[in-house]
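The values are calculated or read from the model by the stated rules, or taken from the named source; none is laboratory data. Since we're looking at a predicted model, the values are computed, not measured. Here Cβ is always computed from backbone atoms with ideal geometry, including for glycine, and neighbour counts include all displayed protein chains.
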Amino acid sequence: MPLLVEQHDRVAVLTIDDPDRKNALSPEMVDAIVSTVGRLNDDESVGALVVTGAGSAFCSGADLGNLVKLTAAEGGDPTEVRAIYDGFLAFRDSPLPTIAAVNGPAVGAGMNLALVCDVRITCPAARFDTRFAQIGLHPGGGHVWMLDRLAGPQTTAAMALFGERVDGTRAVDLGLAWSCVDADVLVDTAVAMATRAASVPRDLMTRVKQTLRDAPWQPDFEAAVTTELDRQAWSFAQGYLNERVRRP
């Protein structure tokens, strides 16, 4: 299987394991990600996910051979590119907290895989590279929307229009990543951070994550207050606060 899974207490670490192809999102890889993330979403022993890449790359994006098959010149159907999106949208749609431990280049759809995660932790060897236009494609998969929300219009223009690349250190300055650490502690750092989220009751954490997703679409502040009040009232009713306050 091109995807390795290791569980560290309540944190599942998924390693994309196809280093010869720089961990490209081949159809087989996409299928493995979708099925594995779906299984972990249903596993009550898992409270958070970390994704990283084997070897020197995080993810080089969609398999180029597969992309060429989708062009009109090859008689393909360009709308079938949506199936490739499933490989990173599985993490976007997960109700669990997600961290991308970006260990090397994250290119095109591979950059999307990093962007869809709730948090990104990098190392100096990490590189964020849009590259869509440079290979003759319009950005896809919500790439521009996510990049603009995280880093703003100027960074988005520099990367999507002008092909600028951002390394792991500068990614923190631009808001693309939370922290940059040495490569040898990258996954451990991500697991430690994920462990804090995974220690929270699972149903509470999924509601907190849903509130983060809903926040940009709230029509005004009062609507946001109402949403949070409803969900906070639910959390009071669960008794989690009493349990934690009364711990010795």
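As for region 212-223, it holds at least one residue that is among the hydrophobic types (A, V, I, L, M, F, W, C), closer than 16 Å to ALA48 by Cα and out of contact with any Ser or Thr (no Cβ under 8 Å at 6 or more places or on another chain). From (1) free of Cβ contacts under 8 Å to residues at least 40 places away in the same chain; (2) over 27 Å from MET146 (Cβ atoms), pick out the condition that doesn't hold for SER199. For SER199, the failing item is (1).
Would you be able to say whether some residue in region 135-153 is hydrophobic (A, V, I, L, M, F, W, C) and modelled with pLDDT under 95? Yes, because at least one residue in region 135-153 is hydrophobic (A, V, I, L, M, F, W, C) and modelled with pLDDT under 95. Within region 20-61, if we keep just the residues that are of a type outside the set (Gly, Ala, Ser), closer than 16 Å to LEU113 by Cβ and over 16 Å from the mean Cα position of the chain (by Cα), the residue that is surrounded by the most Cβ atoms within 10 Å (Cβ to Cβ) turns out to be LYS22. Contact map, region 41-68: first residue in contact (Cβ under 8 Å) with a residue 40 or more places away in the chain, second residue aromatic (Phe, Trp, Tyr) and in a helix (DSSP H, G or I), Cβ cut-off under 9 Å, separation 6 or more or different chains; pairs are LEU49/PHE91; VAL51/PHE91; CYS59/PHE88. Quick check on this structure: which one of ILE99, ILE135 is surrounded by 24 or more Cβ atoms within 10 Å (Cβ to Cβ) and in contact (Cβ under 8 Å) with a residue 40 or more places away in the chain? Result: ILE99 is the single residue among ILE99, ILE135 that is surrounded by 24 or more Cβ atoms within 10 Å (Cβ to Cβ) and in contact (Cβ under 8 Å) with a residue 40 or more places away in the chain. Based on what the data block shows, is PRO153 under 20 Å from PRO216 (Cα atoms) and more than 18 Å from the chain's Cα centre (by Cα)? Yes; evaluated as a whole, the condition is true for this residue.
Looking across region 165-174, the residues that are surrounded by 13 or more Cβ atoms within 10 Å (Cβ to Cβ) and out of contact with any Asp or Glu (no Cβ under 9 Å at 6 or more places or on another chain) come down to ASP167, GLY168, THR169, ARG170, ALA171, VAL172, LEU174. Reported count of residues in region 212-241, each being part of a helix (DSSP H, G or I) and either assigned by TED's automatic domain parsing to the domain that holds VAL119 or on the phi > 0 side of the Ramachandran plot (or both), is 0.
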